[in-house]
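Data first, discussion second: the structure below is written as structure tokens.
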Amino acid sequence: MHPADIATDAATALNPADVSNRLEPMLVRLPRPLAAELRNLARRTRVRQSDYLREAVADLLAKYGHRPSDRSTM
């Protein structure tokens with residue numbers, strides 16, 4: 001376990017309300033052309049790729065009516 005993970009886990013144990021704000025790690029595989037375009041967009045705009053991916057997932061869930069009620073994790 002990484003030391004930063006231990007510190008985060010200890011802080012969460014002190015404040016259980018923060019558990020819902022933690023991000024869950026996921027592995028996303030993209031075709032090379034999409035990955036390249038996402039990387040280029042992130043470099044041009046200085047917005048993290050992960051931020052764009054979270055936005056895309058939120059938009060997709062909203063489109064199909066399955067959007068979580070709390071946007072604080074974005």
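Through the Karplus equation 6.51 cos²θ - 1.76 cosθ + 1.60, θ set to phi - 60°, convert the phi angles of segment 33-42 into ³J(HN,Hα) values in whole Hz; use x for Gly and Pro.
Karplus-based 3J(HN,Hα) across segment 33-42 equals x, 5, 4, 5, 5, 5, 4, 5, 4, 4 Hz.
For segment 30-74, what are Rg and Dmax over the alpha carbons, in angstrom?
For segment 30-74, the Cα radius of gyration and maximum Cα-Cα distance read 12.2, 33 Å.
None of the figures in this text is laboratory data; all of them are computed from the coordinates on show. Predicted model, so just to flag it, every value in this text is computed and none were measured.
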